[in-house]
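Written out below as structure tokens is the structure these notes cover.
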Amino acid sequence: MAIPDEVAADLPARDLFLVASSHGPHQKWACVVLKVMHIIHHINGRGALLKLSVSDEIIFREIELKVMQVVEQLRARAPRSPNGSGAASRRTRRSPSCSPSARRSPPTSTTSCGSG
């Protein structure tokens with residue numbers, strides 16, 4: 001079974017999200033390609049992280065600060081937050097959503113790449 005050319009060759013990467021989120025003959029294949037891209041991204045990121053001589057905590061803190069900076073910029077443009085307080089929270093390595101058993105649960109919806 002091969003990925004259809006309409007997804008593998010003819011579809012720009014930015015359009016994979018549109019195809020994956022819509023109902024159609026290529027939705028499942030677009031989801032597969034996005035999933036593989038995501039896995040490769042994590043593998044490359046982990047490889048880069050292992051080459052650094054900086055702790056995870058320092059890296060995560062820098063990322064968290066950057067995200068909060070962007071959130072504050074967005075809030076400045078639109079004073080009302082659509083999702084409530086927008087308080088920061090960080091998952092820990094012990095968070096249920098980070099555990100391997102949590103990842104094995106079946107998706108709640110099959111409408112788009114299994115994310116409900």
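The values are calculated or read from the model by the stated rules, or taken from the named source; none is laboratory data. As the structure is a computational prediction, the values presented were derived from the model and not from experiment. Quick reminder, even Gly has a Cβ in these numbers, built from the backbone with ideal geometry, and neighbours come from all protein chains shown.
Below is a table of values for the structure above.
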item	result
Selection count, segment 31-73, where residues are without any contact (Cβ under 8 Å) to a residue 24 or more places away in the chain and either of a type in the set (Gly, Ala, Ser) or touching a Cys at 6+ places or on another chain (Cβ under 7 Å) (or both)	5
Identity of the residue in segment 38-66, modelled with pLDDT of 90 or more and surrounded by 12 or more Cβ atoms within 10 Å (Cβ to Cβ), that ends up farthest from Met1 (Cα to Cα)	Arg61
Segment 19-36: number of residues that are outside any loop (DSSP other than H, G, I, E, B) and surrounded by 12 or more Cβ atoms within 10 Å (Cβ to Cβ)	12
